[in-house]
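Accompanying notes for the structure given below.
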């Protein structure tokens, strides 16, 4: 798969949206965290794209974009920290979110 032509903010928004959907829903707390990282226009554009993708396409797009931008370990650690913050936004870090965090750690490192 060819890497999407995303900016860093678009990659962050897409990755956070993917993580937010680990429990198959996206709540207002999670949406607010994502919007705090990127502007509303970027969020809406990426949200529309994310909504049209399936799980496999999402993973492929994230990995291809990270490779394209040659993210360093520090950049990946920051993305993972942002994901962890997203999971704690609603005060409930459930087993699905924990599993998603472990999964993303494995594929991103």
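FYI, it's all coordinate maths here, none of it is from the lab. For clarity, every value in this text was computed on a predicted model and none was experimentally measured. Note: ideal-geometry Cβ built from the backbone for every residue, glycine included; neighbour counts use all protein chains shown.
Identify, please: which residue in segment 72-90 is in contact (Cβ under 8 Å) with a residue 12 or more places away in the chain and not in a helix (DSSP H, G or I) and is, among those, farthest from residue 8 (Cα to Cα)?
90
Test residue 93 against the stated conditions and say whether it is more than 15 Å from residue 3 (Cα to Cα) and over 14 Å from the mean Cα position of the chain (by Cα). So that I can check it myself, show each step before the final result.
Numbers: more than 15 Å from residue 3 (Cα to Cα): yes; over 14 Å from the mean Cα position of the chain (by Cα): yes.
Yes, satisfied.
If you scan segment 1-57, which residues turn out to be in a loop (DSSP other than H, G, I, E, B) and closer than 21 Å to residue 90 by Cβ?
Across segment 1-57, the qualifying residues are 24, 25, 26, 27, 38.
Just one of the numbered conditions (1) in contact with a helix residue (DSSP H, G or I) (Cβ under 8 Å, 6 or more places away or on another chain); (2) assigned to a helix (DSSP H, G or I); (3) closer than 17 Å to residue 104 by Cβ is not true of residue 64; which one?
Among (1) in contact with a helix residue (DSSP H, G or I) (Cβ under 8 Å, 6 or more places away or on another chain); (2) assigned to a helix (DSSP H, G or I); (3) closer than 17 Å to residue 104 by Cβ, residue 64 violates only (1).
Go through segment 29-53 and report how many residues are surrounded by fewer than 17 Cβ atoms within 10 Å (Cβ to Cβ) and closer than 18 Å to residue 96 by Cβ.
Number satisfying all stated conditions: 1.
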